[in-house]
Amino acid sequence: MRTVFAIAALLVAGTLGAAQFKTVGDVEVHYVVVNTLYLEADVAARYGIVRGRDRAILNVSVVGSDGRPRDADVSGRVRNLLGHESSLVFARFEEGDAIYFIAPLKITDQDVLRFDVAIDDRRGNAGHIEFLERMWVQDE
């Protein structure tokens, strides 16, 4: 069974209509921002994720050109339109063959956040991905 993070990623990707990934060297860096209320309470508790209408997670995974997950060093920062910036602290999760890097964040309704995530797979693929996400506070 795949982790709930993959399910959450599919839910969000389905609503967006396309997968979100960027290429760094010869790896794809897949990413999705998900409100934590999409996670079941027991799953969130198992992974130490605080659920709340104003809380989200950034889920990052690194996939090699062979389609297999890659371990990596992942770090990042997030900044809102007012210039307030904070560090993203990623935790590494492994389930079966899948490897995920999850960073929690607090959100404000309709805020636009600029993410800057650094990736290094320790095999010569290092770089940054940047993307914008409009955040929506969820009803409980």
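The values are calculated or read from the model by the stated rules, or taken from the named source; none is laboratory data. Computed from a predicted model, the values in this text were never measured in an experiment. Ideal geometry is used to build each Cβ from the backbone, glycine not excepted, and the neighbour counts take in all protein chains shown. The accessibility values were calculated without ligands, DNA or RNA, using every heavy atom of the protein model including side chains. Shrake-Rupley method; radii C 1.70, N 1.55, O 1.52, S 1.80 Å.
Which ones in region 70-102 are touching a Gly at 6+ places or on another chain (Cβ under 8 Å) and within 17 Å of Val34 (Cα to Cα)? Leu88, Phe90, Ala91 - these are the residues of region 70-102 that are touching a Gly at 6+ places or on another chain (Cβ under 8 Å) and within 17 Å of Val34 (Cα to Cα).
Conditions (1) at pLDDT 95 or above; (2) of a type outside the set (Val, Ile, Thr); (3) crowded, with 16+ Cβ neighbours inside 10 Å; (4) touching a helix residue (DSSP H, G or I) at 6+ places or on another chain (Cβ under 8 Å), marked per residue:
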| site | (1), (2), (3), (4) |
| --- | --- |
| Gly96 | no, yes, no, no |
| Ala103 | yes, yes, yes, no |
| Leu113 | yes, yes, yes, no |
| Asp121 | yes, yes, yes, no |
| His128 | yes, yes, no, no |
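Could you please give the count of residues in region 79-94 that are open to solvent by 50 Å² or more (accessible area, probe 1.4 Å), closer than 19 Å to Leu113 by Cβ and not polar (S, T, N, Q)?
So the count comes out to 6.
Looking at region 52-75, is at least one residue β-branched (Val, Ile, Thr), in contact with a Pro (Cβ under 8 Å, 6 or more places away or on another chain) and open to solvent by 40 Å² or more (accessible area, probe 1.4 Å)? Taking every residue of region 52-75 in turn, none turns out to be β-branched (Val, Ile, Thr), in contact with a Pro (Cβ under 8 Å, 6 or more places away or on another chain) and open to solvent by 40 Å² or more (accessible area, probe 1.4 Å). Answer with yes or no whether Arg134 is under 24 Å from Arg68 (Cα atoms) and of a type in the set (Lys, Arg). Spelling it out, it is not the case that Arg134 is under 24 Å from Arg68 (Cα atoms) and of a type in the set (Lys, Arg). The set of residues from region 68-83 being modelled with pLDDT of 95 or more, more than 12 Å from the chain's Cα centre (by Cα) and either in a loop (DSSP other than H, G, I, E, B) or within 14 Å of Val29 (Cβ to Cβ) (or both) comprises Arg68, Pro69, Arg70, Asp71, Ala72, Asp73. The single residue among Ala56, Ala45, Ala103, Ala118 that is assigned to a helix (DSSP H, G or I) and small (Gly, Ala, Ser) turns out to be Ala45.
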